[in-house]
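**Q** Take this structure, written in structure tokens, and hold onto it; I'll ask about it next.
The values are calculated or read from the model by the stated rules, or taken from the named source; none is laboratory data. Keep in mind that what you see is a predicted model, and the values were worked out from it rather than measured. Reconstructed Cβ throughout: ideal geometry from the backbone, glycine too, with neighbour counts over all protein chains shown.
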Amino acid sequence: MNNSLTVSASLQRAARKYPQKQAVVLEEQACTYADLYQRSQMLACGLSKLGLCKGDKVALLMLTRIEFPEIYFGVLRSGGVMVALNGGLKGNELIYMIQHSEARFLIFEDNLWEEVKKIQSQIPKVKELIMIGEIIPQGLISYQDLILGSHPGDSGIKVAGDDEACILFTSGTTGAPKGVVVTHENIFINAINQIVEWDVRFEDIELFTVPLFYAGGLAALSRSVVVGSSLLLMKSFDPEGFMEIIDSEEVTRTGLASTMCSLILDLPRLDTYKVSSLRHMIIGGSILPVEIKKKMMELFPRVGVYDTYGQTETTGSVACLKPVDAPRKIGSIGKVLFMNEVRLVDEKDNEVSTGEVGEMVVRGPNVMKGYYKDPQATAEVLKGGWLHSGDLARQDKDGYLYLVDRKKEIIVSGGNNIYPREIEEVLYAHPKILEATVINIADPVLGETVKAIVVLKAGEKMDEGEVIDFCRERLASYKKPRSVDFVRSLPKNPFGKILKSELRRKFGSLPPQKK
């Protein structure tokens, strides 16, 4: 891959062509393309002076901050590998990821110093602690001093497309989190994939609603600099603030986790917000329930709503349902993107027939290099050169994909296979239900049974029997929930994905997580 076809080289081009254009905005803070490029170059040189060599790991621990983009591009420019860490991590999980990734440098914000201080003696591989903040404890390096003490020259390190760029950790719901290694080519190709398929334009003002430390966040930064658009960040999502920003900043495109859509729909006086500037809305994280999709299309009739599918292991997107196809293919995740190939296979990797359910396997230049220091897991998931996603889907005669469920989420009750997503679709159709999910509960007779966990809309009341009866009328009897719990909210990761593992622990189908 040509050295110029990387996102760090794309930032250099954007800074040269549109130096005074806003690249990133967070509340009252903003940086132009010239500023972003200059500061990322200064960081790259500063890290080199600290002894960073090509391939060294630089861990980044922070929530959404204006410095995140310059650190991302600076580490890539330096030839280092950025280890993106969830800013909410604590204790053993944080120690594991830092040690497993073999990070030599840790950049973190001052609000997280207490957490870092607790684990400092247990991360001996980290040679330099770099803090973002005003008051820097003795023995730590000031991020601002590191930047200001360096010149924005070339670090002298050249990167190639197949060089490692980032390590992104999976959620670890079935064991220790895995470090997904993505290359410079993976990131650049994913950006091109999204720009082409989602019609991303130079004049776009994109509102990004979730943290940047996920694959989706890095993808947003990357496609923005490749095309030269502007990216607006939110420190944390709230539906009212989201609508206000679209109104006041004349946002043209935005991305939402599917679980955020219900919160937006539940807002009062939605018709008071001006959304005429909004062209596109990208929905990801998990599949948007059909009833919620219909309501979003009614609420935003002039906005193109894209349903997208991807994984950390694909650096972002693999398939999307475009707005033009939504009315006739609602419920689908669309067609495979132009840079990718998808097959649906059985347990023996034989391709299944049209309309049959099979595991989705993916191939393309945005598929990860592998799992860091885990050759066995890498060989298993990349068997035969195809990424085995663990997701079950079917494909219709027109080539549109329909996600059925995760293989590991299937509930086997009395010998019957039950797909939780089918039940969740029914629950979301009830007018009193705001959010819902379904998990398995151990049963001495049937092996497993279905439990529904429900969040009601404000002011609504339901009992267990009402939920079960509603499902019984719309599903085969063996699929209906055997029990229902009502909660105030569902646990989610910062990307808005419902954490079923936490619910299983709470309701007894998984052992408690070790601290």
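**Q** Looking only at residues in the range 246-266 that are among the β-branched types (Val, Ile, Thr) and either part of a helix (DSSP H, G or I) or in contact with a Gly (Cβ under 6 Å, 6 or more places away or on another chain) (or both), which one is farthest from THR308 (Cα to Cα)? Please lay out each step first, then the result.
**A** Initially, the range 246-266 is screened for residues among the β-branched types (Val, Ile, Thr), giving 246, 251-252, 254, 259, 264.
This time we only want the ones that are either part of a helix (DSSP H, G or I) or in contact with a Gly (Cβ under 6 Å, 6 or more places away or on another chain) (or both), so: 246, 259, 264.
Details: ILE246: 21, THR259: 14, ILE264: 19 Å.
That would be ILE246.
**Q** Can you confirm whether the range 295-313 contains a residue that is polar (S, T, N, Q), outside any helix (DSSP H, G or I) and touching a helix residue (DSSP H, G or I) at 6+ places or on another chain (Cβ under 6 Å)?
**A** No - not one qualifying residue is present in the range 295-313.
**Q** When the range 425-484 is examined, which residues are found to be in contact (Cβ under 8 Å) with a residue 60 or more places away in the chain, surrounded by fewer than 22 Cβ atoms within 10 Å (Cβ to Cβ) and closer than 27 Å to MET296 by Cα?
**A** Residues satisfying the conditions are GLU425, TYR428, ALA429, LEU434, LYS457, ALA458.
**Q** For ARG406, are the conditions met, namely being closer than 25 Å to GLU464 by Cβ, surrounded by fewer than 21 Cβ atoms within 10 Å (Cβ to Cβ), charged (D, E, K, R) and modelled with pLDDT under 95?
**A** no
**Q** Here's a follow-up. Kindly indicate whether any position in the range 287-295 is crowded, with 21+ Cβ neighbours inside 10 Å, over 22 Å from GLY217 (Cβ atoms) and without any contact (Cβ under 8 Å) to a residue 60 or more places away in the chain.
**A** Checked the range 287-295: at least one residue is crowded, with 21+ Cβ neighbours inside 10 Å, over 22 Å from GLY217 (Cβ atoms) and without any contact (Cβ under 8 Å) to a residue 60 or more places away in the chain.
**Q** Now, a different point. Taking the criterion of being of a type in the set (Lys, Arg), in a strand (DSSP E or B) and within 17 Å of VAL484 (Cα to Cα), would at least one residue in the range 427-436 satisfy it? Give the steps one after another, and end with the answer.
**A** So the first thing to find is which residues in the range 427-436 are of a type in the set (Lys, Arg), and the list is 432.
Then keep just the ones that are in a strand (DSSP E or B); that gives none.
No, because not a single residue in the range 427-436 is of a type in the set (Lys, Arg), in a strand (DSSP E or B) and within 17 Å of VAL484 (Cα to Cα).
For (1) buried (at least 16 other Cβ atoms within 10 Å of the Cβ); (2) in contact (Cβ under 8 Å) with a residue 12 or more places away in the chain; (3) more than 29 Å from LYS294 (Cβ to Cβ); (4) touching an Asp or Glu at 6+ places or on another chain (Cβ under 7 Å), each residue gets a yes or a no:
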site: LEU321; (1), (2), (3), (4): yes, yes, no, yes
site: ARG328; (1), (2), (3), (4): no, no, no, no
site: LYS335; (1), (2), (3), (4): yes, yes, no, no
site: MET339; (1), (2), (3), (4): yes, yes, yes, no
site: ARG343; (1), (2), (3), (4): yes, yes, yes, yes
site: LYS348; (1), (2), (3), (4): no, no, yes, no
site: SER353; (1), (2), (3), (4): no, no, yes, no
site: GLU356; (1), (2), (3), (4): no, yes, no, no
site: GLY370; (1), (2), (3), (4): yes, yes, yes, no
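**Q** Continuing with the same structure: Across the range 239-255, what is the number of residues that are buried (at least 16 other Cβ atoms within 10 Å of the Cβ) and closer than 18 Å to SER229 by Cα? Before you say what the answer is, go through the steps one by one.
**A** Of the range 239-255, the ones buried (at least 16 other Cβ atoms within 10 Å of the Cβ) are 239, 242-243, 245-247, 251-255.
Subset that is closer than 18 Å to SER229 by Cα: 245-246, 251-255.
Residues that pass the stated criteria total 7.
**Q** Going residue by residue through the range 213-228, is there one that turns out to be of a type in the set (A, V, I, L, M, F, W, C), at pLDDT below 95 and in the same structural domain as ILE71 (by TED's automatic domain parsing)?
**A** no
**Q** So which residues in the range 82-125 are under 13 Å from VAL58 (Cβ atoms) and either outside any helix (DSSP H, G or I) or not assigned by TED's automatic domain parsing to the domain that holds ALA59 (or both), if there are any at all?
**A** Residues satisfying the conditions are MET82, VAL83, ALA84, LEU85, GLU102, ALA103, ARG104, PHE105, LEU106, ILE107, PHE108, LYS125.
Per-residue answers, yes or no, for (1) of a type in the set (Val, Ile, Thr); (2) more than 30 Å from LEU321 (Cα to Cα); (3) surrounded by 21 or more Cβ atoms within 10 Å (Cβ to Cβ):
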{"position": "ILE130", "(1), (2), (3)": "yes, yes, yes"}
{"position": "PHE169", "(1), (2), (3)": "no, no, yes"}
{"position": "VAL182", "(1), (2), (3)": "yes, no, yes"}
{"position": "ILE187", "(1), (2), (3)": "yes, no, yes"}
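**Q** Next question, about the same structure. For ALA44, only one of the following conditions fails: (1) in the same structural domain as ALA165 (by TED's automatic domain parsing); (2) out of contact with any helix residue (DSSP H, G or I) (no Cβ under 6 Å at 6 or more places or on another chain); (3) closer than 28 Å to LEU106 by Cβ. What is its number?
**A** (2)
**Q** For the list (1) modelled with pLDDT of 95 or more; (2) farther than 25 Å from LYS293 by Cβ, I need the number of the one condition that GLN395 fails.
**A** (2)
**Q** So GLU134 ticks every box in (1) more than 24 Å from the chain's Cα centre (by Cα); (2) surrounded by 16 or more Cβ atoms within 10 Å (Cβ to Cβ) but one. Which box is left unticked?
**A** Failed condition: (2).
**Q** Condition first: β-branched (Val, Ile, Thr), touching a Cys at 6+ places or on another chain (Cβ under 9 Å) and part of a helix (DSSP H, G or I). Now tell me which residues in the range 50-81 satisfy that. Step through it out loud before you land on a result.
**A** Taking the range 50-81 as the starting set, the residues that turn out to be β-branched (Val, Ile, Thr) are 58, 64, 66, 71, 75, 81.
The next check asks that each one be touching a Cys at 6+ places or on another chain (Cβ under 9 Å); those that pass are 66, 75, 81.
Scanning the range 50-81 gives a single hit, VAL75.
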